[in-house]
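Asks: Okay, here's the structure, questions in a sec.
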Amino acid sequence: MTETSAIQDFQSLGLGARVLRGVRAAGFNTPSPIQAKAIPEILKQNDLIAQAQTGTGKTAAFALPILEMIDHRNGLEALVITPTRELAMQISDEIFKLGRFLRTRTVCVYGGQSIKKQCDLIAKNPQVMIATPGRLLDHLQNGRLENFTPKFVVLDESDEMLDMGFLDEIEEIFNYLPNNIQILLFSATMPPAIKKLAEKILHNPVHIRIAPANVINTDIMQRYYIVEDNARKDAIIALLTKENIEKGIIFTRTKKEADNLFEYLKARGHKAQCLHGDMDQRSRRAAMLEFKEKKCDILVATDVAARGLDVSDVSHVFNYHIPLNPEIYVHRIGRTGRAGKKGSAITLVTSLEFKELRSIQKEVGGKLEPYEGEGISQKRMLAHHIRQEILKFKVSDEAFELYEELERDSDLPQITLRLLSLHLQTLENNSKKRLQNKAKNSYKRGKRAR
Ligand code: ADP
Ligand code: MG
């Protein structure tokens, strides 16, 4: 099957044991699409232009192969240029985390920090420098960096650097760098000015572009189901009862989660199977076979294990958590709605995950509807909305005094209930008014047209 071939595991990308240990310790299970494509190219020592949306794991996409290739005995070997100090610190943290078992040391170089202190840190011979353009150029122009000969240079968040007016500085920085370096340019978008810069400074770069995911398969009905974080299992049980399931796959983030949920379902009489990377090849095959032949109707799986999974008649895909990024979402829900059949994809979300939900919705293009016929979830949404609305208000002195007064001789839950009723009444009146206005306006328009 070609469409899932983009999802691989980290072991197959050419990284060594110690880097892989760092990956595991960071809790990364599956490489993101940009990681799967960029890491092997970088390890082949190619220059690279890589484009992928934000939040797709571009940092590890360059950090992991660089960690693999730097030789940890010399001094500075890699330079990462990034637009802001916050990003510099974030990248430094991630490299430190991923390079734990190699003892990789990093230094951040950005404006606003004392020059002397920065020079002291640089003198300690870290392997990786993460710098903002302005301060780095300042060091270079003033001859504060001796033997500055990194082998790898990364331009991170290049479009941001363009927006912030750093392109001239970046070109200037390259005047101070040796010729035989490997240059990696990462960006979420590729405006012409960045392309031009790339042409000037990169040598025969490989181009990688991860297109924003796009689900146009209208055979898949996509819905989300609002849950409390600790009520996911019950939500699944409820959904399994309500939905008419031919075959369903429940995707979890981790193997442990898969095991847990599988046991839970089994204990409640569901015919389920489990599929994840810790199982040996034989039990994996057996599980797959059972599912294919419909001896069980639920498969609890992790992404890696479900790679290449091609089962006909999957009627439902459940996301136990909202997936890390749109690509994974698309891969997962693509297990259903195949061969012209209808399918359902239901994603469990907590109210804290609405932001992620929206970003998936935006990038996926399809429509994600709230799960219908589910009174509780509608209420939860309303409750969430009201809480957010209320929390927007600052507590005024007057309110505070009133509260103290009320607290003295009233039942506060009663008061809260009544205040909520008042608020709901207002909401309802407002929306009725809106509807009436709409009707009035369209009536007016109609009259005018006549
Ligand atoms: P980008 O630079 O593309 O905007 P980042 O590199 O900042 O994205 O990554 C976004 C988040 O995803 C970070 O918290 C990072 O630790 C996490 N992340 C990256 N790769 C993976 C992965 N393979 N599995 C799980 N989490 C990941
Ligand atoms: Mg980034």
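The values are calculated or read from the model by the stated rules, or taken from the named source; none is laboratory data. Predicted model only: the values in this text are computed from it and were never measured. Every residue, glycine as well, gets a Cβ built from its backbone with ideal geometry; the counts of neighbours run over all protein chains shown. Side chains included, ligands, DNA and RNA excluded: accessible areas come from the protein's heavy atoms. Shrake-Rupley method; radii C 1.70, N 1.55, O 1.52, S 1.80 Å.
Asks: Work out from phi, with θ = phi - 60° and the Karplus expression 6.51 cos²θ - 1.76 cosθ + 1.60, the ³J(HN,Hα) of each residue of the range 70-75, listed in order in whole Hz, and give x for Gly and Pro.
Replies: With coefficients 6.51, -1.76 and 1.60, one gets 6, 9, 6, 10, 6, x Hz.
Asks: Apply the Karplus parameterisation 6.51 cos²θ - 1.76 cosθ + 1.60, with θ equal to phi minus 60°, to every residue of the range 154-161 and state each ³J(HN,Hα) to the nearest whole Hz, in sequence, with x for glycine and proline.
Replies: 10, 9, 9, 6, 4, 5, 5, 5
Asks: While we're looking at this one, here's another question. Please turn the phi angles of the range 103-119 into ³J(HN,Hα) values with the Karplus equation 6.51 cos²θ - 1.76 cosθ + 1.60 (θ = phi - 60°), one per residue in order, whole Hz, x for glycine and proline.
Replies: Coupling constants for the range 103-119: 6, 5, 10, 10, 9, 9, 10, 8, x, x, 9, 4, 4, 4, 4, 4, 5 Hz.
Asks: Related question: Most mobile of Q182, Q425, Q51 per a Gaussian network model of the chain (Cα springs, under 10 Å)?
Replies: Q425
Asks: Which parts of the range 57-98 would a label at Y176 reach, counting a residue when its backbone N lies under 19 Å from a point 7 Å out along Cα-to-Cβ?
Replies: In the range 57-98, the label zone of Y176 (backbone N under 19 Å from the point 7 Å along Cα→Cβ) covers 75-85, 88-89.
Asks: Follow-up question, since we're still on this one. Quantify, in whole percent, the carbon and sulfur part of the accessible surface of the chain (1.4 Å probe; protein heavy atoms only).
Replies: Carbon-and-sulfur percentage of accessible area, whole number: 50.
Asks: Moving on. Quick one: check the C-alpha center-to-center distance for the range 280-303 versus the range 103-177, whole angstrom.
Replies: One Cα centre to the other: 51 Å.
Asks: Continuing with this model, one more query. Looking at L177, G75, Y371, which one has the Cα that reaches farthest to the positive end of the dipole of the chain (charges on Cβ: Lys, Arg +1; Asp, Glu -1)?
Replies: Farthest towards the positive end: Y371.
Asks: Sticking with this one: Lys/Arg Cβ at +1, Asp/Glu Cβ at -1, dipole of the chain taken about the Cα centre: which of I34, L98, V128 is farthest positive-ward?
Replies: I34
Asks: To the nearest 10 Å², what's R100's accessible area with a 1.4 Å probe?
Replies: 130
Asks: Might you report the magnitude of the Cβ-based charge dipole of the range 3-210 about its Cα centre, with Lys and Arg at +1 and Asp and Glu at -1, to the nearest 20 debye?
Replies: My answer is approximately 760 debye.
Asks: Suppose each label sits 7 Å from its Cα in the direction of the beta carbon; what would the K362-K394 distance come out to in nanometres?
Replies: That separation, rounded to one decimal, is 2.9 nm.
Asks: Starting with the highest mean, order 17-24, 263-270, 77-84 by the number of other Cβ atoms within 10 Å, averaged over the residues of each peptide.
Replies: Descending mean neighbour count gives 77-84, 17-24, 263-270.
Asks: In the chain, what % of DSSP beta bridges are antiparallel (nearest 5)?
Replies: About 0 percent, rounded to the nearest 5.
Asks: Collect residues whose amide H, placed 1.01 Å from N in the peptide plane, falls under 5 Å from the amide H of T347; neighbours closer than 5 in sequence don't count.
Replies: R223, Y224, Y225, N319
Asks: Counting pairs of Cα atoms in the chain, how many percent are more than 29 Å apart?
Replies: Counting pairs separated by more than 29 Å, the tail of P(r) holds 60 percent.
Asks: Contour minus end-to-end for N204 and D93, with contour as 0.36 nm per residue of separation and end-to-end as the Cα-Cα distance?
Replies: Extra length available between N204 and D93 comes to 36.9 nm.
Asks: Here's a follow-up. What whole-number value in Å² describes the accessible area per residue of the chain for a 1.4 Å probe?
Replies: Result: 55 Å² of accessible area for each residue.
Asks: List, in the order given, every pair from K242/K294; K58/K124; K37/K58 whose Cα-Cα distance in the structure shown is over 18 Å.
Replies: K242/K294; K58/K124, as the Cα separations exceed 18 Å there.
Asks: A further question on this structure: Quick one, what does Rg over Rh come out to for the range 115-215 if you take C-alpha atoms and the Kirkwood Rh? Mind dumping the intermediate values first?
Replies: Numbers: Rg = 15.1 Å, Rh = 15.0 Å.
Ratio value, two decimals: 1.00.
Asks: Which far-off residues, 5 or more places away or on another chain, put their amide H under 5 Å from the one on L299, with H placed in the peptide plane?
Replies: Residues meeting the criterion, in which the H sits 1.01 Å from N, are G248, I249, I250, Q273.
Asks: When only C-alpha pairs under 8 Å and at least 6 residues apart count, what is the relative contact order of the chain, in percent?
Replies: The normalised contact order for the chain reaches 15 percent.
Asks: With only Lys, Arg, Asp and Glu charged, each at its Cβ (+1 for the first two, -1 for the last two), find how big the charge dipole of the chain is about the Cα centre; round to the nearest 20 debye.
Replies: The calculated dipole for the chain is roughly 1580 debye.
Asks: Under the rule of at least 5 residues apart or a separate chain, name every residue whose amide H is placed under 5 Å from the amide H of R209.
Replies: Residues meeting the criterion, in which the H sits 1.01 Å from N, are Q51.
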